[in-house]
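First comes the structure, then the notes that go with it.
Values quoted throughout were computed directly from the atomic coordinates according to the rules given, and no laboratory measurement underlies them. Small disclaimer: the values here were computed from a predicted structure and weren't measured.
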Amino acid sequence: MDALEIAAAAAAVGSGLMAGLFYTFSVVVMPALAPLPAEVGVATMRSVNRVIINPLFLVPFLGTGALGVLLAITGPWPRVLGAALYLVGVFVVTGVRNVPWNTELDALTPGTAEAAEYWPGYLRRWTAWNHVRTVASTGAAVAFVVG
C-alpha cells in the first residue's frame, strides 16, 4: 500500500465518520430537539455547538478536507470526486450555512421572544443543510474507496 492509498483510506474513514455524525444529527438529535420548548432547544443546541469543537471532531473534519485536497491533486477521478463532494458538500456547506446559523443562535438568549421566534426556522434550515452534508460525506467515502 503506497502513501496515496493510505491517504485515500484515511479520507474514506474520515468521510465515513463525518457521515455518521451528520446522519445522527439529521435523524436523532434535531428531531429530538424539535418538539422541546424553544428555550430548552436553544440552550441545548448552544451547548452542543460548544462541546463539538474538540480534537475528536476537528481532526477528522479538517484532516479529511486536507486529505481531499491532496487526493484531488494526485488521484484518479473517483478520488477527485470524493474530494469535491467533501470539500464543497461538507466543508463549504458547514462554513457558509451551518456555522453562521450556529453563531446567530449563540448570540440569542434562551427564553427570550427573539430566541423562540428564531428557533423553528433554525431547526428547518440547519437540518436541511445537514442532510446535504450527510449525503456529501457518504458519497465522498464511497468515492475514496472506489478510487
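Computed over region 13-75, the Cα gyration tensor eigenvalues convert (square root of 5λ each) into semi-axes of 30, 13, 8 Å, ordered from largest to smallest. Computed from Cα positions, the angle between helix 113-146 and the longest principal axis of the chain comes to roughly 10 degrees.
Taking every DSSP helix (H) stretch of at least 4 residues in the chain, weighting each as -39,500 (n - 2.57) and dividing the sum by the residue count yields a mean residue ellipticity at 222 nm of -25500 deg cm²/dmol.
Compute the helix-to-body angle for 38-51: its Cα long axis versus the longest principal axis of the chain, expressed 0 to 90° and rounded to tens. Helix 38-51 and the main axis of the chain meet at about 30 degrees.
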